[in-house]
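Some notes on the structure that comes next.
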Amino acid sequence: MAHIPDGVLSLPVVAGGWAVAAGMVGVSLRRLTEAAIPGTAVLSAAFFTVSLIAVPVGPSSVHLLLSGLMGLMIGPLTAPAVMIGLALQTLLFGFGGLTTLGINTVNIALPGILIGLVLGPMVRRAGPARAGLLAGVGAGLAVLATGGAVAAALALSSSDYIPSAKVLLVTYLPLMIGEGVITGFAIAFLKRVKPDALMGAAVS
Amino acid sequence: MGLVEAQEQMSVAALPVPGPIERLAPRARLLATLILVIAVTLLHGVPAAAAACACGALLAVLSGQGLAPLARRLVHVEGFMALLLLMLPFTMAGTPLITLGPVAASVEGLLRATTIALKVNAAMLVVFALLGTMEPVRIGHAARRLGAPLRLVQLFLFTTRHVEIFRNEIRRLREAMRARGFVPRSTPHGWRAYGNLAGMVLVRSLERASRVEEAMRCRAFDGRLPAIGLDEEGHGTAACPCLALAAGASLILLDRLT
């Protein structure tokens, strides 16, 4: 539901989204050493394919965004990884859009990067159970922020969207739960099996 | 007719016939798609949006892809839009059309919802028609030709190359889970299993990442691939974007006049 399709948003919002996304992607790619490009791509592909798994939540199922998990594992590189994942979603399955690729990248990647910056040091120091709990809460909050950003993008495009945007936020609840719980368990698993996965060493 | 001739005819008939869109150069297709989708974004009224949707449907037919993949995409798009479109008529002020108890559907709201639905579908049809048959790798090269940043294109190409590997990896892991009697349910146990699955895929991807990096270093990879953004043959490098520009401009003109 975080993938806004083409044709819904107004041009200023679309252009603004592209400007911010280009800044985020540009800065993080400039800091990436060229020899680390293949390794980063392997991780981006892994995140993309994991997000295709349908996770059952209550009577329905959700596809995870994994933005919190990405923020904790690859930090600012979340921006290009999300943009590439969204581009593949659009090209392969028709999810999302081309003009909205910028704003969708910002809506999903920015909360994840912020969670990584704020919670990263604590998660790195904590034991598996505590790290999982922290990461789970963080990932849930990242989804909430994404929902808020999608609603804001709709509201900024046209004031007619405001009532629908408010209802849209409620539909993020199942995703928030699924994302938080799965991210929590995944981080706890990584802490036990490969503790250096969260050190940021994988891609630096 | 000799046997060989008959066989030749059969094999020719079995090959998919490349449609007119397939013969165009990839970067022309990508640029034309971008132009048309931006033009669709700029439309405001029902007539122009309907015309755009009709053009998109025509292109989709020309692209010669079956109805099944198109239907799948349409269902995805409609799923996102349902909430927005169902609420708009009831939340926009204007001339009431139908009254359902305390709420009334306004004419303005209904028109607005129709316009958005037409625009979204028009854009979806254009992307499906012009890019649907192009593999992501070709689109990556085309994007580089159109000036996309080299590092981003490189990351994109390496990513697409590994997506299939991880899809197989996940399939194998899930088969193993099923073999142990795992049933997907939203219980704490089920969620822990999914969390472990995600974690396991990431552990393997980290290991694969370091292997790939070492392998690339062995081949003296310094971050540059000379074969990125090479020109692919095809027609209409200039004509196709120009046509798209003309179509987009006439749609916007129609929109402002009606």
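The values are calculated or read from the model by the stated rules, or taken from the named source; none is laboratory data. All values derive from a computational prediction rather than experimental measurement. When we count neighbours, we look across all protein chains shown, and the Cβ atoms used for this are built from the backbone with ideal geometry, even at glycine. Only protein heavy atoms, including side chains, enter the accessible area calculation; ligands, DNA and RNA are left aside. Shrake-Rupley method; radii C 1.70, N 1.55, O 1.52, S 1.80 Å.
Below, the figures for the structure above:
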quantity	calculated
Residue check, A:Ala87 open to solvent by 10 Å² or more (accessible area, probe 1.4 Å), free of Cβ contacts under 8 Å to residues at least 40 places away in the same chain and not aromatic (Phe, Trp, Tyr)	yes
Members of the stretch A:132-172 found to be over 30 Å from A:Asp6 (Cβ atoms), within 12 Å of another protein chain (Cβ to nearest Cβ) and out of contact with any Ser or Thr (no Cβ under 6 Å at 6 or more places or on another chain), listed by number	A:Gly132
Positions within the stretch B:48-87 being modelled with pLDDT under 85 and β-branched (Val, Ile, Thr), in sequence order	B:Val75, B:Val77
Qualifying positions in the stretch B:214-230 - more than 7 Å from chain A (Cβ to nearest Cβ), open to solvent by less than 50 Å² (accessible area, probe 1.4 Å) and in a helix (DSSP H, G or I)	B:Ala215
Set B:Arg192, B:Arg138: member being in a helix (DSSP H, G or I), closer than 20 Å to A:Leu52 by Cα, open to solvent by 40 Å² or more (accessible area, probe 1.4 Å) and among the basic types (Lys, Arg)	B:Arg192
Selection count where residues are in a loop (DSSP other than H, G, I, E, B) and at the interface with chain B (Cβ under 7 Å from one of its Cβ atoms), scope the stretch A:4-31	4
Which listed residue, of B:Arg151, B:Arg172, B:Arg185, B:Arg211, is within 30 Å of A:Ser60 (Cα to Cα), part of a helix (DSSP H, G or I) and outside the structural domain of B:Cys53 (by TED's automatic domain parsing)	B:Arg172
Any hit, the stretch A:41-50, residues being more than 7 Å from chain B (Cβ to nearest Cβ) and over 26 Å from B:Leu125 (Cβ atoms)	yes
Residues of the stretch A:71-84 that turn out to be open to solvent by 10 Å² or more (accessible area, probe 1.4 Å) and at the interface with another protein chain (Cβ under 10 Å from one of its Cβ atoms), as a count	2
Positions within the stretch A:100-126 being part of a loop (DSSP other than H, G, I, E, B) and either touching a strand residue (DSSP E or B) at 6+ places or on another chain (Cβ under 7 Å) or surrounded by fewer than 24 Cβ atoms within 10 Å (Cβ to Cβ) (or both), in sequence order	A:Ala126
Single residue of B:Thr114, B:Thr160 found to be open to solvent by less than 50 Å² (accessible area, probe 1.4 Å) and in contact (Cβ under 8 Å) with a residue 24 or more places away in the chain	B:Thr160
Criterion violated by B:Ala105 - all others in (1) open to solvent by less than 10 Å² (accessible area, probe 1.4 Å); (2) under 29 Å from B:Leu24 (Cβ atoms) satisfied	(2)
